[in-house]
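Below you'll find the structure, written out as structure tokens, and then a few comments.
The values are calculated or read from the model by the stated rules, or taken from the named source; none is laboratory data. None of the values given here were measured: they were computed from a predicted structure. So basically every Cβ, Gly included, is an ideal-geometry build from the backbone, and we count neighbours across all protein chains shown.
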Amino acid sequence: MKFFTKLAVAAGVAALLSSAAYADSLKGKTIGFSQIGSESGWRAAETSVTKQQAEKRGINLKFADAQQKQENQIKAIRGFIAQGVDAILVAPVVSTGWDAVLGEAKDAKIPVILLDRGVDASQDLYLTSVASDQVKEGKVAGDWLVKTVGDKKCNVVELQGTVGSTPAINRKKGFEEAIKGHDNIKIVRSQTGDFTRSKGKEVMEGFIKAEDGGKNICAMYAHNDDMAVGGIQAIKDAGLKPGKDVLVVSVDAVPDIFKAMVAGEANATVELTPNMAGPAFDALDAYWTSKKAPEKFIITESKLYTPNDNPQKVYDEKKGLGY
């Protein structure tokens, strides 16, 4: 799949599309939202923020939790189509297998917007995609590690996201791009933790046992913060100090990773904003008013946070967002 070919900063796009000219087109609209589930704190925040954004705009939001199963998402989308909703938001659990149901939505003239993940399907099957540049997220994490360890030998263990999901594919790709050419840094073990805290802990426990009680591990790279938090617990249980004996870098910037930073147990995280719905609703607003299709890819910022960024303050700012 060609990943985001045209970049746009979401904040700027949102500001541009939120003008008074588009103020009323969303009021009273019914929009379906097929959410992956609640596998992580970030996912819960995205759901909470989406509901807040819909209420703010007077949208009747129909919510469906897929519980991490694509078949549940497809069933929900078909249900939305049967109900005649005005638009559909979907955060796809995996990247493949969407052509048929998205085609059905297109035939019904219901615009579909992808949130935070991409699909391997023809671009004419969805109106736009609001997401981060997931390759960049992985690269930002990898660049931080390269800069931090310098010439020191560093064996990395990787907690991957859900197999087949675009974040797992792209965050791995970006990280590998960043460490390429730095022969002192090697990914020695890599396994899916399914984006969950419990599985992240379980997989990290296995990595530690396989690597001389963790003594051979320099850093843990997790595709999301929840797996990182689980991994941190596994490191502590093994009698090691996360953040010192094992460096911890991950993606999402959820409140709990900032608590870990305050405790000296995490070193870096790359932010994934939970507000994907705001730019999505603004794009729909503009589309219905002007009849002009928005940019195909609306990209959010990938900001790096470290303990130098006042993690306690960031935690306090984020904890009320539904994580």
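Conditions (1) out of contact with any Pro (no Cβ under 9 Å at 6 or more places or on another chain); (2) not basic (Lys, Arg), marked per residue:
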{"site": "Gln73", "(1), (2)": "no, yes"}
{"site": "Ala76", "(1), (2)": "yes, yes"}
{"site": "Ile81", "(1), (2)": "yes, yes"}
{"site": "Val90", "(1), (2)": "yes, yes"}
{"site": "Thr96", "(1), (2)": "yes, yes"}
{"site": "Lys106", "(1), (2)": "yes, no"}
{"site": "Ile110", "(1), (2)": "yes, yes"}
{"site": "Ser122", "(1), (2)": "yes, yes"}
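Condition check ((1) assigned to a loop (DSSP other than H, G, I, E, B); (2) modelled with pLDDT under 95; (3) on the phi > 0 side of the Ramachandran plot; (4) not acidic (Asp, Glu)) across all residues:
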residue	(1), (2), (3), (4)
Phe4	yes, yes, no, yes
Leu16	no, yes, no, yes
Thr50	no, no, no, yes
Leu61	no, no, no, yes
Val85	yes, no, no, yes
Pro92	yes, no, no, yes
Thr96	yes, no, no, yes
For the stretch 99-115 the number of residues that are of a type outside the set (D, E, K, R) and assigned to a helix (DSSP H, G or I) is 5
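Across the stretch 83-107, which residue is surrounded by the fewest Cβ atoms within 10 Å (Cβ to Cβ) among those that are acidic (Asp, Glu) and out of contact with any Ser or Thr (no Cβ under 9 Å at 6 or more places or on another chain)? Reasoning before the result, please.
Of all residues in the stretch 83-107, those acidic (Asp, Glu) come to 86, 99, 104, 107.
In the following step, the residues that additionally are out of contact with any Ser or Thr (no Cβ under 9 Å at 6 or more places or on another chain) were identified as 104, 107.
Values: Glu104: 16, Asp107: 9.
Ranking the qualifying residues of the stretch 83-107, first place goes to Asp107.
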Note on the stretch 186-216: residues within 25 Å of the chain's Cα centre (by Cα) and in contact (Cβ under 8 Å) with a residue 40 or more places away in the chain are Asp194, Phe195, Thr196, Arg197, Gly200, Val203, Met204, Phe207
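Strands (runs of 3 or more DSSP E) wholly in the stretch 178-283 with at least 1 residues that are among the basic types (Lys, Arg) - which ones?
On the way: elements: 185-192, 219-222, 247-252, 268-271.
Once the strands (runs of 3 or more DSSP E) in the stretch 178-283 are filtered for at least 1 residues that are among the basic types (Lys, Arg), what remains is 185-192.
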Output yes when any residue across the stretch 144-164 is within 17 Å of Ser190 (Cβ to Cβ), touching a Phe, Trp or Tyr at 6+ places or on another chain (Cβ under 8 Å) and assigned to a loop (DSSP other than H, G, I, E, B), and no when none is.
-> yes
